[in-house]
Amino acid sequence: MAARSTNRGLDRRALVAGVLDDRADDLLVVTGLGSPTYDVAAAGDHALNFHLWGAMGSAATVGLGLARARPQNRVLVITGDGEMLMALGALATVGAAPAQNLAILVLDNEAYGETGGQASHTAFKTNIAAVALACRLRDARTVTETVQCSDLKEFLLNAEGPVLAVAKIAQDAPERVLPSRDGHFLRSRFQAALLGENTP
């Protein structure tokens, strides 16, 4: 599903595209600040994508709120290691108030891509999947090789949640694909799609 990059780590765009390929009509996708948003946008615009421009640290908790409010929908949070490290307490909340329909994908390049590529804590062996398990998420795993990606989509979209996967990705920076940055538009479109109304 995801081709291995020429440098260390998985190809982030191929990985995200593989997870979202032929997505269910009712899948809700929440994206964290920066590159995860660009990756999801590159996989295709969708009214049920909710991009958190400027709300760093909020992806997991927004996803949890959606999952608890919409138990009939699968909710997939796609975020980065920097944001997840900023909000490790969110994993404790996810574990304490679990939602069976919630999955979190952490794209971990071991760097703070939005602020210059400084090494993040995961470069120094902080293990986000282990933290998730300690916070009582139902399952968590780390994907480092292409061969492990074969069941990643099934895990994220169908395993009983809350679950978390960390994908170790390359540190390259693909060309940015920018969805709308109009927060009012994104909120209104997402809300209309949830309610089955015509989207703007």
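The values are calculated or read from the model by the stated rules, or taken from the named source; none is laboratory data. None of the values given here were measured: they were computed from a predicted structure. Reconstructed Cβ throughout: ideal geometry from the backbone, glycine too, with neighbour counts over all protein chains shown.
Taking first residues from the range 118-139 that are under 12 Å from residue 95 (Cβ atoms) and hydroxyl-bearing (Ser, Thr, Tyr) and partners that are at pLDDT below 85 and buried (at least 16 other Cβ atoms within 10 Å of the Cβ), no Cβ contact under 7 Å between residues at least 6 apart in sequence or on separate chains turns up.
Each row is one residue, and each column tells you yes or no for (1) of a type in the set (D, E, K, R); (2) farther than 15 Å from residue 29 by Cα; (3) under 15 Å from the mean Cα position of the chain (by Cα).
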residue	(1), (2), (3)
86	no, yes, yes
91	no, yes, yes
107	no, no, yes
118	no, yes, no
122	no, yes, no
142	no, yes, yes
171	no, yes, no
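For the range 23-32, residues that are aliphatic (A, V, I, L, M), crowded, with 22+ Cβ neighbours inside 10 Å and part of a loop (DSSP other than H, G, I, E, B) total 0.
Within the range 52-76, the only residue that satisfies the criterion of being farther than 22 Å from residue 163 by Cβ and touching a helix residue (DSSP H, G or I) at 6+ places or on another chain (Cβ under 6 Å) is 56. For the range 153-173, a residue qualifies if it is part of a helix (DSSP H, G or I) and at pLDDT 95 or above, and the qualifying residues are 155, 156, 157, 158. Of all residues in the range 174-190, exactly one satisfies the criterion of being part of a loop (DSSP other than H, G, I, E, B) and among the hydroxyl-bearing types (Ser, Thr, Tyr), namely 180. Residue 141 meets the conditions (1) assigned to a strand (DSSP E or B); (2) under 15 Å from residue 36 (Cβ atoms) in every case but one. The failed one is (2). Evaluated against (1) surrounded by fewer than 24 Cβ atoms within 10 Å (Cβ to Cβ); (2) within 18 Å of residue 154 (Cβ to Cβ), residue 103 falls short on exactly one condition, (1). For residue 94, the test of being free of Cβ contacts under 8 Å to residues at least 60 places away in the same chain and in contact with a helix residue (DSSP H, G or I) (Cβ under 9 Å, 6 or more places away or on another chain) is failed.
Those residues that are surrounded by fewer than 19 Cβ atoms within 10 Å (Cβ to Cβ) and at pLDDT below 80, I need them from the range 116-144; list them, please. Matches in the range 116-144: 116, 117, 118, 119, 121, 123. Of all the listed residues (91, 107), the sole one being outside any helix (DSSP H, G or I) and not small (Gly, Ala, Ser) is 107. The listed residues are 110, 154, and the only one of them that is under 25 Å from residue 170 (Cβ atoms), of a type in the set (Asp, Glu) and surrounded by fewer than 16 Cβ atoms within 10 Å (Cβ to Cβ) turns out to be 154.
Pairs are defined by a Cβ separation below 8 Å, a sequence spacing of at least 6 or placement on different chains, a first member in the range 1-17 that is surrounded by 18 or more Cβ atoms within 10 Å (Cβ to Cβ) and of a type in the set (A, V, I, L, M), and a second member that is part of a strand (DSSP E or B) and modelled with pLDDT under 50; the pairs so defined are 10/4. Confirm whether residue 93 is under 16 Å from residue 164 (Cβ atoms), in contact with a Ser or Thr (Cβ under 8 Å, 6 or more places away or on another chain), of a type in the set (Ser, Thr, Tyr) and surrounded by fewer than 19 Cβ atoms within 10 Å (Cβ to Cβ). Against the criterion (under 16 Å from residue 164 (Cβ atoms), in contact with a Ser or Thr (Cβ under 8 Å, 6 or more places away or on another chain), of a type in the set (Ser, Thr, Tyr) and surrounded by fewer than 19 Cβ atoms within 10 Å (Cβ to Cβ)), residue 93 qualifies. Among all residues of the range 55-63, there is at least one that is buried (at least 16 other Cβ atoms within 10 Å of the Cβ), modelled with pLDDT of 95 or more, in a helix (DSSP H, G or I) and not aliphatic (A, V, I, L, M).
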